[in-house]
Every structure is written in C-alpha cells, then in structure tokens.
1. Please return the longest stretch of the chain lacking exposed loop sites, where GluC sites (Glu not before Pro) count only if DSSP places them in a loop and at most 16 other Cβ atoms lie within 10 Å.
2. Go ahead and set up a Gaussian network model of the chain, Cα springs under 10 Å, then flag whichever of L29, L159, L50 fluctuates most.
3. Restricting to DSSP loop positions (anything but H, G, I, E, B) with no more than 16 other Cβ atoms inside 10 Å of their own Cβ, which trypsin sites (Lys or Arg not before Pro) remain in the stretch 1-96?
4. How big is the chain by the Kirkwood estimate over distinct Cα pairs, in Å?
5. Once Rh for the stretch 4-62 is found with the Kirkwood sum over Cα pairs, what is the Stokes-Einstein diffusion coefficient at 10 °C and 1.306 mPa s, in µm²/s?
6. Quick one: Karplus J couplings for the stretch 8-23, per residue in order, coefficients 6.51, -1.76, 1.60, θ = phi - 60°, nearest Hz, x for Gly and Pro?
7. How far apart, in nm, are two points set 7 Å out from the Cα along the Cα-to-Cβ line at K118 and at S78?
8. Ignoring everything except DSSP H segments at least 4 long, calculate the 222 nm mean residue ellipticity for the chain; use -39,500 (n - 2.57) per segment, divide by total residues, nearest 500.
Amino acid sequence: MINHLHGRLVEKHPTHVVIDCGGVGYLVLISLTTFETIPDQEDIFLHTHLVVREDSQTLYGFASTEERKLFLLLVGVSGVGANTARMILSAMDSATASEVIASGDVDSMKKVKGIGAKTASRIIIDLQDKVAVETGSSGTLSEISSPHNRIKNEALMALTSLGFDKKRVDKALDGIIQRTEGAIALEGLIKLALKEL
C-alpha cells in the first residue's frame, strides 16, 4: 500500500496532481479541499490511498490525515464509491462534512451531486457515531476579471472531468460569476456550481 508521496509537484489541477518521486510520475486524484490547500511550490507531501480494481489502480491524495480518514469511512458505506466520496469532499471540507454527518443533516448531504435521499441517510446512519467534528478553514479569494479567464476555464475543466455536461456547467459558471461580481476563489466557484448542477 502507498501511504504517502513526498516529491516534486509537476502538475496541479482542481481534480488531480502529478508528483515526481525519484523519477516516477504519480497521477493522484484529489478533492477540491486538497487542491485549495496545496501550495504553489515544487516540494509536496500528500497522504494517499490506493484503490485497486480488476481493471484499474487509482491513487487518491489528501492534504490531511483527517480528510483521508473521512474518505475511508465514506467508501466503507454501502453504495458510496471512491468518486462519490471525492465529490462529497469537494463539495465540503472534511470538517464541514463531519459536522453535517454528526448533526444528521440529510438535506445538506443531498445537495452533493449524485447523492440521493437514500444514500445521504445511509451515510449519516452509518457514520454518525464515527466522525469527529472539527473547525473548518476558508480559502483565499482570487480575482475574476472576465467570464472567459483562466479560473473559469479551470472550473469548467474540473467539473466536466467529473462527468457534468459542458453546456450546463458553462451556463452555471457564468451565472455565478455575474452574481458574485467577479471576486471568488476557484474552489468557491466550483463548490457553488456543484450546488446548482
């Protein structure tokens, strides 16, 4: 099992990073929560979890052990796969997700794309007594000067790679950018779009 990676950050995207460790490049899938905490520097350390299936081996990365613990708890729930767990941790950080689960807030869990009432209830019932509520942290703001700049494009790429329809994503992002009058972090933009899609 690959427990962590410590190496050189080669690529950084909202949905994945590439880390060079001793000449080997590891493609690591990440949540938006991890993306927003990764510094823009070459040296990087990520906690990881390897998911092995018959047809694939996928490495998931986490900025904190808390996020990895919650990810492992989520994938242990019947009907919740690794991508669904990553979607939950992209829509809310691990502290917020823990709070939602601990308080039995089914409505907030249902707002995550792909989570229906049944799955939301199952997550809460299974994990309510296993999560520890911690305080979350907020990201920094980045300026968005026009609807067609780098931040919107990165958000569009991230959301379409998660399986959303490009036209719907584009429309949702434009609406959010207009409503927020241009000042929003990439992570914030994606999180708001996830609630609308």
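1. It works out to 55-133.
2. Comparing L29, L159, L50 in the GNM, the peak value goes to L50.
3. Qualifying residues, ordered by number: R53.
4. Evaluated over the chain, this radius sits at 17.3 Å.
5. 139
6. So the J values, rounded to whole Hz, are 9, 6, 9, 9, 9, 10, x, 10, 7, 10, 10, 10, 8, 10, x, x.
7. 1.1
8. Taken over the chain, the calculation gives -13000 deg cm²/dmol.
Readers should treat all values here as calculations from the given coordinates under stated rules, not as data from a laboratory. Since the model is a prediction, treat every value here as computed from it, not as a measurement. Quick reminder, even Gly has a Cβ in these numbers, built from the backbone with ideal geometry, and neighbours come from all protein chains shown.
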